[in-house]
1. Stretched out fully, how many nm does the piece from residue 157 to residue 136 gain, at 0.36 nm a residue minus the Cα gap?
2. Given R₀ = 41 Å, FRET efficiency for residue 238-residue 121 by Cβ-Cβ distance, to 0.05?
3. So what is the orientation-averaged projected area of the chain, using the convex hull of its C-alpha atoms, in nm²?
4. Please give, to one decimal in nm, the separation of the simple spin-label points placed at residue 317 and residue 388, each 7 Å out from Cα toward the Cβ.
5. Can you list the HN-Hα couplings for region 260-275, worked out from phi with the Karplus curve (6.51, -1.76, 1.60; θ = phi - 60°), rounded to whole Hz and with x for Gly and Pro?
6. For the chain, what does -39500 (n - 2.57) per DSSP helix run (n ≥ 4), summed and divided by total residues, give at 222 nm, in deg cm²/dmol to the nearest 500?
7. Give the angle, between 0 and 90 degrees and rounded to the nearest 10, that separates the Cα long axis of helix 98-132 from the longest principal axis of the Cα atoms of the chain.
8. Against the longest alpha carbon principal axis of the chain, how many degrees, from 0 to 90 and to the nearest 10, is the axis of helix 75-95 turned?
Amino acid sequence: MEWGVLNQRIRRWSHAVRAVVKTLLAGERRLCDEVFASDEELGHECFADVARGCLLQLIGFADAVAMSTPATEKLYRMLGMYEALTAVEPDIESLFTGDARDFFSSEVAGVAAQLGSTIRHTIDQFVNVIHGESSRRPVLGGEIHPMTRYVLNYCGLLAECRATLDMVLADNNTSNHDTNDDDHDGGGGGGASSTPSGRCMREILTHLLRNLDEKSRLYDDAGLKNIFLMNNIYYIVQKMMVEFPALRELLGDDWVRRHRGQIRQYETGYLRASWMSVLASLRDDASPAAAHGHGGRAALKEKARSFNAAFEELYRSQTAWKVTDPQLREELRIAVSERLIPAYRSFVGRSRQLLESGSSSGRHSSSAAKHIKYSLEDLEDYMLDFFEGVQKFVR
């Protein structure tokens, strides 16, 4: 059956099975008890005959879904079916007596067990798909990988079903692979994070983060590699904080703190990879005597030319990089400006003092203006274009 159609039928089934068992059949049971008050056994038989058809049809549909090919898109709906079926199981037992009770209890338990097995198999398959996603094309501009969005949104849905997921996973521990040796797995410390569903969510996200690490190696530029990892982990953490509190609870506060710390590490890695050499070119590394001679002026001119070329190249490349979250984008620009602007201000002051010293004709002043292309305000304005995902060139 086409998934769009099946999805709607599963939704209707999950509502219908509760209504049929808890309302319609419960009412029919009471009616039989009244009509056959003088012959309880006959009443039980009549009720079993009346209820058998619709109940077998409901159980049969659940069995067909449970036996179908596992697919990730079915996982959330199957958890809903499992929850509905286990919710009405006690009611079904109370509705019937004798052989009918044994028969229907066995049927419901068998289908619930099959649903649980299919759910566990689908989760294992989901983990394997994440682990095996091996596209070799880097995401343009270091943006959030589509796999990150898909996996996190799906984990958010599963976390809403954590009580049911705990029931399913508690029956089988083989799907909880050992991920404790992974650097990204930081975790529990008790509470919800130590439940079967908590361990399951950490396993899924551990495989996602491992894969993102692999994909970051597709970028030749070390700065862009850090931007990519920062974008993706920031997205994961923010989604949990804002949209998926149940997922955050399952993973635990330690997990969240650990990965917030990684965002800061990637920011530092970006600054080091992209700006260290640029800032180094602005440092005053000459002796006082050499700095005020002809060689000092020549070195400053060369430093100015070197900085101009390096900044223009960074502007060309990093305006095309995309930091998706506005807050993170602004934080990153501030982090760059806090390092760049003071270093450039000091460099400009030294350069103008040296190039203009001892000159009344303005010749050296003209030379300073020629080599110091950008004012502090220019750099601050240019920084506003960084990480917007639209490549630009210095005007």
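The values are calculated or read from the model by the stated rules, or taken from the named source; none is laboratory data. Since this is a predicted model, take the numbers as computed values, not measurements. Neighbour counts are summed over all protein chains in view; Cβ atoms, including those assigned to glycine, are modelled from backbone coordinates with ideal geometry. Quick note on the areas: whole protein, heavy atoms, side chains included, nothing else; ligands and nucleic acids left out. Shrake-Rupley method; radii C 1.70, N 1.55, O 1.52, S 1.80 Å.
1. 4.7 nm
2. Working: r = 32 Å, r/R0 = 0.77.
So the FRET efficiency works out to roughly 0.80.
3. Details: hull surface 103.3 nm².
Over all viewing directions, the chain projects a mean Cα-hull area of 25.8 nm².
4. 2.1 nm
5. Whole-Hz 3J(HN,Hα) from phi for region 260-275: 5, x, 5, 4, 5, 4, 5, 4, 4, x, 4, 4, 5, 5, 8, 10.
6. Numbers: 16 runs with 290 residues, N = 395.
Rounded to the nearest 500, the figure is -25000 deg cm²/dmol.
7. The angle comes out near 20 degrees.
8. Rounded to the nearest ten degrees, it is 30.
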